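Working notes, structure below.
The values are calculated or read from the model by the stated rules, or taken from the named source; none is laboratory data. Being a predicted model, the structure only gives us computed values, none of them experimental. Neighbour counts are summed over all protein chains in view; Cβ atoms, including those assigned to glycine, are modelled from backbone coordinates with ideal geometry.
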Amino acid sequence: MTEKFFNVGQIINTHGIKGEVKVRRITDFEERFKPGQLLYWVNDKKDIKELTVRSHRVHKGFDLLTFEGHSSINEVEQYRDGYLKVTESDQEELGENEFYFHEIIGSEVFLTNEEKLGEIKEILTPGANDVWVVRRNKKKDLLVPYIEQVVKEVDVVNKRVIIDPIEGLLD
């Protein structure tokens, strides 16, 4: 059986000349980037490379990482545009009303009256709560805050989310 991988970040660029990379975070778990953490780099050709985090810091809203055995820009340039992933066995048990991004992305979103709004295409993590970006047919994307007042039901097995929008959300 092959192990499943799950995105935790995307390397969008190098940073400086000492082997640091700029990462767009795709996880809420801080420990994914702690020194010593094993990550898997995967590109669009499905090449896989194991990388161990040497250092981590946050700069201007992005995570900056270095990897063991990579001390110059020349050694990390090849990783640009690739994704950093963890294996399924690295995932932790979550509490009630907590979900992994991959469980939510791709879910269909409905109003409480069963009217379909669209499909969750992305999750933003701007601050106090996550925001689910819903792709709608021939309309601009809908931004749904993941708060109890709005999100009424999440069914990860059937990829269904039911919301009761607050005033102004659908405008």
_Name the single residue that is farthest from the chain's Cα centre (by Cα) among those in segment 58-85 being in contact (Cβ under 8 Å) with a residue 60 or more places away in the chain and within 12 Å of L39 (Cβ to Cβ)._
Y79
*Can you spot a residue in segment 69-80 that is within 27 Å of P126 (Cβ to Cβ) and hydrophobic (A, V, I, L, M, F, W, C)?*
no
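Anything in segment 86-100 that is farther than 30 Å from Q149 by Cα and within 16 Å of the chain's Cα centre (by Cα)? List them, or say none.
As a first pass, look at segment 86-100 and keep what is farther than 30 Å from Q149 by Cα: 86-90.
V86, T87, E88, D90 - these are the residues of segment 86-100 that are farther than 30 Å from Q149 by Cα and within 16 Å of the chain's Cα centre (by Cα).
Each row is one residue, and each column tells you yes or no for (1) farther than 14 Å from G106 by Cα; (2) of a type in the set (A, V, I, L, M); (3) touching a His at 6+ places or on another chain (Cβ under 7 Å); (4) modelled with pLDDT of 90 or more.
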{"residue": "W132", "(1), (2), (3), (4)": "no, no, no, yes"}
{"residue": "R136", "(1), (2), (3), (4)": "no, no, no, yes"}
{"residue": "Y146", "(1), (2), (3), (4)": "yes, no, no, yes"}
{"residue": "Q149", "(1), (2), (3), (4)": "yes, no, no, yes"}
{"residue": "D155", "(1), (2), (3), (4)": "no, no, no, yes"}
{"residue": "R160", "(1), (2), (3), (4)": "no, no, no, yes"}
{"residue": "I166", "(1), (2), (3), (4)": "yes, yes, no, no"}
{"residue": "L170", "(1), (2), (3), (4)": "yes, yes, no, no"}
*asked:* Any residue that is assigned to a loop (DSSP other than H, G, I, E, B) and in contact (Cβ under 8 Å) with a residue 40 or more places away in the chain - is there at least one of those in segment 132-147?
replied: no
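Please specify each residue of segment 19-61 satisfying the condition of being among the basic types (K, R), surrounded by 13 or more Cβ atoms within 10 Å (Cβ to Cβ) and either touching a Lys or Arg at 6+ places or on another chain (Cβ under 7 Å) or over 16 Å from Y83 (Cα atoms) (or both).
R54
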